[in-house]
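The structure appears right after this line, and notes come after that.
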Amino acid sequence: MNRVSGAAGTRGGDEWVLRRILDSEVRADPYPLYEEVRAAEPVWVRGRPVVVFASYAACGEVLRDPRASNDRGHSLLFRQTGPADGNRTPSPPAELPSFLFMDPPRHTALRRLAAPDFTPRAVRRLTPMIRELIDDLLDEAAASGRLDGVADLASPLPVTVICRVLGIGTGERDWYRTRSSLLGQAVDPYLAFLGVPAPGLARRRQAEAELTEFFSRLAAERRARPRDDMMSRLLAAETDGERLTDEEVVTTCRLLLNAGHETTVSLIANGLLTLLDRPETLAALRDDPGTAAPAVVEEMLRLQPPLQLVHRHAREDMEVRGTPVPRGTTMVLLLAGANRDGAVFGGCPHAFDAARAEGSQHLSFGLGPHYCLGAPLGRLEAELAFTRFAQRVVAPRLAAGPPGYRPHVVLRGPASLPLSTEGIRDRRMPWEAAAPDT
Ligand code: HEM
């Protein structure tokens, strides 16, 4: 067993590696650090009930184990209180948790109610709407004469799509976007690695309260006058013979807005960045999008997971790959490390290879009961965005140097992607066929 022994800020102990993961300087390439953690696995954090895993086998085992809970109530870390200076005071959830942070059976019941809107078949019906949105965004960029892959495509697309699915107006999409982006840092592992909440706690609490108020108002409106939308369906739905409370509907909608937005932004933004260096992949997307796009998205998910890590808490004493993990321990699972584990992903696990046979075994959507509900939607948005980018954007290149990254550890992605191009082709070109060679 590998007890972390490095003194704070010193090199030499595994704790140093964990601290480095939080460092914004490494955001552009955190993968060598994940390798180090995998080589030293299991890595225990001194003084806190926290263990970190980065191998495919360990991450997969924990995600499948019913004793590994996603309810923070089972975590000693989230229950620990510290001295009055607040340095070790944890950040308990201020609001009622969404079903992501519940265990079965309540998790199962609530998830089941949201599931019909996110099946592959339900999601495929959104294709015309998503295509139109992408073409509108590219037209706006063409008209403005500038294209930022994040601000003009990756960022506005997912928030607009999820708002349409939920049945909420898109007029204030910047308002949702800034708030859900702030909430994104709540999941960063500051508490696990340093014992302090992630920076910006007060602003996050404020954003959380504003989103809750917004959805509560909307829930009251929909209860009074139901519409043909997801929120009205959730308000009318019954589980175990009981109606959902307004609070449960609000936390579910907030989860869908946040989970369905930030992750997809990162997937598209990281993907565009990768495509810039791969003219042959852009050509494959133009020539045969039906085959190329799903494979490119899968490999992008493996190589650059939008959610780099997840937490689980031992609800009872358990063992992970022979390591005893006492009850109350928080397990940090580096999915981004697992996805590059050479034991599973052959050849060079760090290389982009859309043809690799085992690529779709990645853990980027999680595994087990909390497997991403929106996986079909995230995949579809990214497939369509990559395809249309390849078809319509002529000779895209980075306009400046390498991009800066957002400070988020878990939701990793570039902050902006200013591009220079030789033009944006007309939207009338067909989606299915190869682009004309213009
Ligand atoms: C394409 C990018 C996406 C990625 C990489 C992603 C990743 C993930 C991961 C890793 C989890 C599991 C978290 C855990 O086990 O703790 C998850 C859960 C979830 N995701 Fe996604 N997600 C994406 C897109 C979406 C979209 C578009 C939605 C749409 C609503 C969505 C909704 C959810 C929900 C509701 C959960 C909770 C599931 C549960 O607890 O049962 N995600 N996602």
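The values are calculated or read from the model by the stated rules, or taken from the named source; none is laboratory data. The structure displayed is predicted, hence computed values, not measured ones. Please note: Cβ atoms are built from the backbone with ideal geometry, for glycine as well, and neighbour counts cover all protein chains shown.
List of remarks:
- Scanning the range 85-118 for residues that are modelled with pLDDT under 80 and either under 22 Å from residue 193 (Cβ atoms) or of a type in the set (S, T, N, Q) (or both) gives 85, 86, 87, 88, 89, 90, 91, 92, 93, 94.
- Top-ranked residue of the range 95-114 - restricted to ones that are in contact (Cβ under 8 Å) with a residue 60 or more places away in the chain and within 9 Å of the ligand (Cβ to nearest atom), ranked as surrounded by the fewest Cβ atoms within 10 Å (Cβ to Cβ): 108
- Among the residues of the range 314-332, those identified as in a loop (DSSP other than H, G, I, E, B) and surrounded by fewer than 23 Cβ atoms within 10 Å (Cβ to Cβ) are 315, 316, 317, 321, 322, 326, 327, 328.
- The residues on offer are 227, 243, 203, and the sole one that is closer than 30 Å to residue 150 by Cα, away from the ligand (no atom under 16 Å from the Cβ) and surrounded by fewer than 22 Cβ atoms within 10 Å (Cβ to Cβ) is 203.
- All positions within the range 40-57 that are of a type in the set (A, V, I, L, M), in a helix (DSSP H, G or I) and either modelled with pLDDT of 95 or more or in contact with a Cys (Cβ under 7 Å, 6 or more places away or on another chain) (or both): 57
- Answer from 363, 384 - the residue that is in a helix (DSSP H, G or I) and either buried (at least 21 other Cβ atoms within 10 Å of the Cβ) or within 11 Å of the ligand (Cβ to nearest atom) (or both): 384
- Residue, farthest from residue 354 (Cα to Cα), within the range 269-308, restricted to residues that are assigned to a helix (DSSP H, G or I) and among the polar types (S, T, N, Q): 270
- Every test in (1) more than 26 Å from the chain's Cα centre (by Cα); (2) assigned to a helix (DSSP H, G or I) is passed by residue 228 save one, and that test is (2).
- Subset of the range 269-281 [closer than 15 Å to residue 149 by Cα and either surrounded by fewer than 21 Cβ atoms within 10 Å (Cβ to Cβ) or among the aliphatic types (A, V, I, L, M) (or both)]: 269, 272, 273, 274, 275, 276, 277
- Enumeration of residues in the range 187-225 that are aliphatic (A, V, I, L, M), assigned to a helix (DSSP H, G or I) and over 26 Å from residue 153 (Cβ atoms): 191, 192, 194, 201, 202, 209, 218, 219, 220, 224
- Enumeration of residues in the range 333-345 that are aliphatic (A, V, I, L, M) and buried (at least 24 other Cβ atoms within 10 Å of the Cβ): 333, 334, 335, 336, 338
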